[in-house]
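The values are calculated or read from the model by the stated rules, or taken from the named source; none is laboratory data. Computed from a predicted structure; not experimentally measured. Cβ coordinates were reconstructed from backbone atoms using ideal geometry, including for glycine residues, and neighbour counts include every protein chain displayed.
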Amino acid sequence: MNKIFKYFCSMHCMLAFWGVIALFVSIPVSAQNYPSKQIRLIVPFPAGGSSDLFARTIAIKMSQNMGQIVIVDNKPGAGGTVGIDALSKSPPDGYTIAWGTVSNISLAPVVYTALGYDPLKSIEPIGMAVSAPFLIAVNQSMPATNLKELIEIAKKTPGTLNFASVGNGSLSHFAGDQFKSLAGIDIVHVPYKGVAPAVVDLLGGQVQIMFDQLASFRLQLFQSGKLRALAVAGPTRLPQLPLVPTAAEAGLPNFGVTSWAGLIAPKGTPTDIIRRLNSELQKALGTKEMTDLAMDQGLKVSGGTPEQFSEVIKLEIEHWSLVVKASGFKRD
């Protein structure tokens, strides 16, 4: 009996020993072989837009460097949440990643009561790619030539000025609500189904104000005088519009809204694969093609570590939670 017991004990110990060895050996082998097949990059917006353009350019650069195709899969819908929901339900093996933005990562969980994913529990940040401060823009018929004058006009005529957004619950919607609160004014929100119709009506005078990034307006509209930028809702001025002051310089120091985007993966994706993807993202962002594209669109190449991106996501969720709560917004 003792011999049999000792035999099984020795066999158990041997199997356990080789099991541990296999575990440690398999991890670096897996990392070394990654990627062994094409990677799917979910872009939760329609093809042809600014997000799609940047994501596709990054995908091309990463494909060239990694030796495997990074294929873009457009999954638009519900403000970009459909694509992120698909990501959260994908295998955490590094072969499905997504283009996450402030809207579908940090704002959506605050706005949607029945969101299919929790950004803090469902995703692994890979790295921020680009960011862009919002502009406070008015049409050429508005007499205000600076932020102070706009606020004065709004205070004298409460409820008569309208601001456009790209939709209920969007970042441009809550940028306007935050501005109203900080400036102590009453302006009316007019939601549109996307950027194009909102800008068209801003140009036509149906609405007087809009909050969004430069890429949404296009630089030519400011250069031609059809639109007037009163302030940049960020820490520094835009190189494309060097004469436009920041909101702080214009007298509203606490008003800041930044749009950002980056790569994310499903929760549970191995750390070594996240590090590899982050490294490839940094290489792509460091190319002249990416910096030129960012400059043309009024964006800033961001970069950074997964941990830094994670911290941004957490802080933005906290910030927009307060703004949405203060606005009293209820999703239909």
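Counting only strands (runs of 3 or more DSSP E) that fall entirely inside the stretch 205-321 and contain at least 2 residues that are of a type outside the set (Phe, Trp, Tyr) and over 26 Å from residue 70 (Cβ atoms), the qualifying elements are 209-213, 227-233.
The numbered conditions (1) surrounded by fewer than 23 Cβ atoms within 10 Å (Cβ to Cβ); (2) of a type outside the set (Val, Ile, Thr); (3) touching a residue at least 12 places away in the same chain (Cβ under 8 Å) are all true for residue 64 except (3).
Condition check ((1) among the β-branched types (Val, Ile, Thr); (2) over 30 Å from residue 211 (Cβ atoms)) across all residues:
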| residue | (1), (2) |
| --- | --- |
| 262 | no, no |
| 267 | no, yes |
| 273 | yes, yes |
| 281 | no, no |
| 285 | no, no |
| 288 | no, yes |
| 292 | no, no |
| 298 | no, no |
| 311 | no, no |
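Here residue 286 passes the criteria (1) within 18 Å of the chain's Cα centre (by Cα); (2) closer than 30 Å to residue 222 by Cβ; (3) without any contact (Cβ under 8 Å) to a residue 24 or more places away in the chain except the one numbered (1). Applying the condition of being of a type in the set (Gly, Ala, Ser) and under 24 Å from the mean Cα position of the chain (by Cα) to the stretch 197-230 and asking which residue is surrounded by the most Cβ atoms within 10 Å (Cβ to Cβ) yields 198. Total residues in the stretch 122-156 satisfying the condition of being more than 17 Å from the chain's Cα centre (by Cα), part of a helix (DSSP H, G or I) and not aliphatic (A, V, I, L, M): the figure is 5.
Residue-by-condition table, conditions (1) within 23 Å of residue 49 (Cα to Cα); (2) among the polar types (S, T, N, Q); (3) in the same structural domain as residue 308 (by TED's automatic domain parsing); (4) in contact with a strand residue (DSSP E or B) (Cβ under 9 Å, 6 or more places away or on another chain):
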residue	(1), (2), (3), (4)
72	yes, no, yes, yes
87	yes, no, yes, yes
91	no, no, yes, yes
96	yes, yes, yes, yes
113	no, yes, yes, no
121	no, no, yes, no
147	no, no, no, yes
156	no, no, no, no
160	no, yes, no, yes
